[in-house]
Amino acid sequence: MLHLRRDSGAFPTLHTACASGSGSTVPPVPTDTLAILLLAAFYGAATGSFLGVVIERRPDRQSLNGRSHCVCGRQLPIWENLPIVSWLVLGGRSSCCHTPIPAWYLGLEVAMAVTFALIALLPLPLAVRAGLAAAAAVVVGTVGVSRRRRFSREQLL
Ligand SMILES: [Zn+2]
């Protein structure tokens, strides 16, 4: 039986329990599954963040290169560009001119994080799951760009 034990390090390590061992034992935690879920969610949120840039810039034929910037022109520092976290920390407004950051950015990042995590749980080969995640990103990006072409930035806020 596997259980978690905290060593001096920052991360729990797996140990094999003794059958006659006493002391507190933590119920088995599927660390592999949890790690895969977190990794998939991270990639999903990062993909959602990238799709947000594509959806925002593509309809206006802006380059996808270059750092993100506020509508006032200020280039965003890295910590204001973190998927999901930055929007929540900033309360949905830019730190410089307090311009509202569209909520769909947050929704897109969360939705992609959940989508990638759910795809990661499917009992399919890794290549198939990766393909599904890529297909989901292409579909969401295509639909997003299409919607952005039909509605102005303000209408999408
Ligand atoms: Zn600004």
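The values are calculated or read from the model by the stated rules, or taken from the named source; none is laboratory data. The shown structure was predicted, so the numbers you read here are calculated from the model rather than taken from an experiment. For neighbour counting, all protein chains shown are included, and Cβ atoms are generated from backbone atoms with ideal geometry for every residue, glycine included.
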(message) Within the stretch 104-112, does at least one residue satisfy the condition of being within 19 Å of Leu64 (Cα to Cα), of a type in the set (Ser, Thr, Tyr) and more than 13 Å from the chain's Cα centre (by Cα)?
(response) no
(message) For the stretch 122-134, give me the residue count where each residue is exposed (fewer than 13 other Cβ atoms within 10 Å of the Cβ) and of a type in the set (A, V, I, L, M).
(response) 5
(message) So Ser20 ticks every box in (1) at pLDDT 85 or above; (2) surrounded by fewer than 16 Cβ atoms within 10 Å (Cβ to Cβ) but one. Which box is left unticked?
(response) (1)
(request) Tell me which residues, restricted to the stretch 94-120, are within 16 Å of the ligand (Cβ to nearest atom) and touching a residue at least 24 places away in the same chain (Cβ under 8 Å). (result) Ser94, Cys96, Cys97, Thr99, Pro100, Pro102, Tyr105
(request) Sort out which residues of the stretch 49-70 are in a helix (DSSP H, G or I) and at pLDDT 85 or above, and write them in order of number. (result) Ser49, Phe50, Leu51, Gly52, Val53, Val54, Ile55, Glu56, Arg57
(request) State yes or no: is Leu106 in a helix (DSSP H, G or I), farther than 18 Å from Val54 by Cβ and of a type outside the set (Val, Ile, Thr)? (result) no
(request) Could you grab me the full set of residues in the stretch 43-79 that are over 19 Å from Ser94 (Cβ atoms), out of contact with any Pro (no Cβ under 8 Å at 6 or more places or on another chain) and in contact (Cβ under 8 Å) with a residue 12 or more places away in the chain? (result) Tyr43, Gly44, Thr47, Leu51, Val54, Arg58, Pro59
(message) Step by step: first the residues of the stretch 52-93, then only those that are farther than 21 Å from Val110 by Cβ and of a type in the set (A, V, I, L, M), then the one that is farthest from the ligand (Cβ to nearest atom). Which residue is that?
(response) Leu64
